[in-house]
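As structure tokens, the structure follows; a few thoughts come after it.
The values are calculated or read from the model by the stated rules, or taken from the named source; none is laboratory data. Keep in mind it's a predicted model, so treat the numbers as computed, not measured. Here the Cβ positions follow ideal geometry from the backbone for every residue, glycine too, while neighbour counts run over all protein chains shown. For accessibility, only protein heavy atoms count, side chains too; no ligands or nucleic acids. Shrake-Rupley method; radii C 1.70, N 1.55, O 1.52, S 1.80 Å.
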There are 2 protein chains.
Amino acid sequence: MPFDRDHVLRCAADLLSHKATATQDEIAKAAGISRATLHRHFAGRDALIRALEDLGVRQLQEVVDQARLDDGSATEALVRLVESTRPVAGFLAFLATENQLFEGEEVNEGWARIDAQIAALFKRGQESGEFRIDLSPVWLTEALYGLVSATAWTVLSGKTAPRDYTEMITGLMLGGLERRAPQP
Amino acid sequence: MPFDRDHVLRCAADLLSHKATATQDEIAKAAGISRATLHRHFAGRDALIRALEDLGVRQLQEVVDQARLDDGSATEALVRLVESTRPVAGFLAFLATENQLFEGEEVNEGWARIDAQIAALFKRGQESGEFRIDLSPVWLTEALYGLVSATAWTVLSGKTAPRDYTEMITGLMLGGLERRAPQP
DNA sequence: CTTGTTTGAGACATTGATGTCTCATATGAG
DNA sequence: CTCATATGAGACATCAATGTCTCAAACAAG
């Protein structure tokens, strides 16, 4: 059986998502390979985590590119962005969480670039008059991560249907909780 | 120096918030006590984590009680709730995150009760007509945790001023991002 | 088929965290 | 002051995870 790097990383992420202290034996077992092979490709836990980060950032960057954040209205772009994150939301939640709890030496630069792109989207919406201007783009970016992560966890635990993912996040984020009279 | 249990737990939480794999030596050092004393009061890492959970749940329950979720409008109650979580937001973020990544055998029952109380608040707001009804109270509860945690991290990292905490969370959650014509 | 490469299984030593113990010192109650 | 108790510092054994190695078997390329 040929070695499938991405498959191994996905299995590792799935396992580490709910058991962050999993052993390399456990990770290897979850991926269906031997510990020796795991160690041949990822020399140590740190290397594995870094590879995991790289894959996550790569996937998320694809998602961001695919959402075309500069096209159309900022509102539409935000909806596209959230919708395209759905397939990688679990991975994203894991990475965002892991970044907090295991403060690495330096923050991945790809991650910082994604942050900047999303913050720029919020800023664009504010400058175009679509979004309120009393919430900082940097905080909005983190708030979006928070909502996406929280939703990903609830989907993983079965408390929420995956099909409601985009509606819930964009519904709350754009429209807010308050009920309003129908727009004229 | 007498042993200050809560102080030790707070120091442990602060440290573990950004270094989840901290050693007992490091935790003891951070708390200003010796490893021997730490081990006398918390026999092993698991015991420490459980004590941490208990303290967190106790604090959060106090906060929830203090916010009087049943009084006045649901909107006002939500604002009170968020405002009173501010002092314990870091702790809350740590616990919520830790609960995901280190899936304990059973979920703390006090935690489940708090969940239920907050979900009941959202339900009350929906039934009174204040809140929109197309977002489930369970998910809204998790979304609130997500926003609170995300904001707590940004405050801890200095990206956001603590004084904006309540405004940002309630501003986004209640009003949403879309800019609207002033209410008539 | 033959050859070179990769994997799986397991043994082994090493490392680091942990649990446990002792003893001197500090602290507080009486 | 005196005694009982708790703490700090450190030694020590233990245990789990890790890194490293060997060797046989599976596999792919030629």
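Accessible area, 1.4 Å probe, largest first: how do A:ASP71, B:ASP46 sort? Before the final figure, lay out each step's value.
Working: A:ASP71 70, B:ASP46 105 Å².
Order by accessible area, largest first: B:ASP46, A:ASP71.
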Query raised in the report: From the square roots a ≥ b ≥ c of the eigenvalues of the alpha-carbon gyration tensor of region A:139-178, which class results: rounded (a/c under 1.5), prolate (a/b over b/c), or oblate?
Result: oblate
**Report entry** Distance (nanometres) between label positions extended 7 Å along Cα→Cβ at B:ARG5 and A:ALA116
**Finding:** 5.0
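Once neighbouring chains are kept in place and the probe is 1.4 Å, which whole percent of the accessible area of chain A is contributed by carbon and sulfur? Please report the intermediate quantities before stating the final value.
Numbers: 4600 of 8990 Å².
Result for chain A: 51 percent of the exposed heavy-atom area is carbon or sulfur.
Could you tell me the total accessible area buried at the B-A interface, probe 1.4 Å, in square angstrom to the nearest hundred? Could you put the intermediate results ahead of the total?
Numbers: alone 11140 and 11150 Å², together 17960 Å².
That pair of chains buries around 4300 Å² in total.
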Report task. Please tell me the relative contact order of region A:1-42 in percent, rounded to the nearest whole number, where contacts are Cα pairs under 8 Å and at least six residues apart. Result -> 33
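Sort B:GLU83, B:GLU53 by heavy-atom solvent-accessible area, probe 1.4 angstrom, most to least. Before the final figure, lay out each step's value.
Details: B:GLU83 75, B:GLU53 40 Å².
Of B:GLU83, B:GLU53, the descending order of accessible area is B:GLU83, B:GLU53.
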Requested in this report: Calculate the length of the line joining the C-alpha centroid of region B:11-52 to that of region B:127-184, in whole Å.
Outcome: 33
Requested in this report: Run through every distinct alpha carbon pair of region B:53-175 and return the Kirkwood hydrodynamic radius in angstroms, one decimal place.
Outcome: 14.7
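When only Cα pairs under 8 Å and 6 or more residues apart are kept, what is the percent relative contact order across chain A? Spell out each step's value before the answer.
Details: 129 pairs, mean separation 36.7, N = 184.
Worked out over chain A, it gives 20 percent.
Defining a contact as two alpha carbons under 8 Å apart and six or more residues distant in sequence, what relative contact order in percent does region A:40-92 show?
Details: 23 pairs, mean separation 17.9, N = 53.
With pairs under 8 Å counted, the relative contact order is 34 percent.
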Requested in this report: Sorted from largest down, give the three principal axis spans of the alpha carbons of region B:1-107, whole angstrom values.
Outcome: 51, 33, 22
Query raised in the report: What is the sum of charges around A:ARG124, taking Lys and Arg as +1, Asp and Glu as -1, for the other residues whose C-beta is under 9 Å from the C-beta of A:ARG124?
Result: -2
Requested in this report: Find the eigenvalues of the gyration tensor of the Cα atoms of the protein assembly as shown, then list the square roots of 5 times those eigenvalues as equivalent ellipsoid semi-axes, largest first, in whole angstrom.
Outcome: 33, 28, 18
Query raised in the report: When each copy gets a label point 7 Å from Cα toward the beta-carbon at A:ASP115, what are the spacings between them in nm, shortest first?
Result: 3.0
Query - log₁₀ of I(q)/I(0) at q = 0.17, 0.22 Å⁻¹ - region A:118-184, Debye sum with one point per alpha carbon - result: -0.72, -1.00
Report summary line: Scalar couplings 3J(HN,Hα) for region B:10-27 by Karplus 6.51 cos²θ - 1.76 cosθ + 1.60 (θ = phi - 60°), nearest whole Hz, x for Gly and Pro, are 5, 4, 4, 5, 4, 5, 5, 4, 10, 8, 5, 9, 4, 6, 5, 4, 5, 4
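Kindly report the accessible area of the protein assembly as shown per residue (heavy atoms of protein chains, probe 1.4 Å, no ligands, DNA or RNA), in Å². Before the final figure, lay out each step's value.
Details: 17960 Å² over 368 residues.
Dividing the accessible area of the protein assembly as shown by its residue count gives 49 Å².
Quick check: convex hull over the Cα atoms of region A:1-43, volume per residue in Å³, rounded to an integer? Numbers along the way, then the final one.
Working: hull volume 2.6 nm³, N = 43.
Per residue, the Cα convex hull of region A:1-43 comes to 61 Å³.
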Report task. Pop out the ³J(HN,Hα) list for region A:144-157 in order, Karplus 6.51 cos²θ - 1.76 cosθ + 1.60 with θ = phi - 60°, rounded to Hz; leave Gly and Pro as x. Result -> 4, 4, x, 5, 5, 5, 4, 5, 4, 4, 5, 5, 4, 8
Report task. Report, ordered by chain and residue number, the aspartates and glutamates lying within cross-link reach of A:LYS159, taken as a straight Cα distance under 14 Å and ignoring same-chain residues fewer than 8 apart. Result -> B:ASP115, B:GLU142
Query - Solvent-accessible area of B:HIS41 with every protein chain in place, 1.4 Å probe, in Å² to the nearest 10 - result: 90
Report summary line: CD proxy, 222 nm, the protein assembly as shown: helix-only mean residue ellipticity via -39,500 (n - 2.57) per DSSP H run with n ≥ 4, per residue, nearest 500, stands at -21000 deg cm²/dmol
Query - Sequence-distant lysines (8 or more away, or on other chains) whose Cα lies within less than 22 Å of A:LYS29 - result: A:LYS19
Query raised in the report: Counting only residues 5 or more places away or on other chains, whose amide H sits under 5 Å from the amide H of A:PHE131 once H atoms are built in the peptide plane?
Result: A:GLN126, B:ARG179
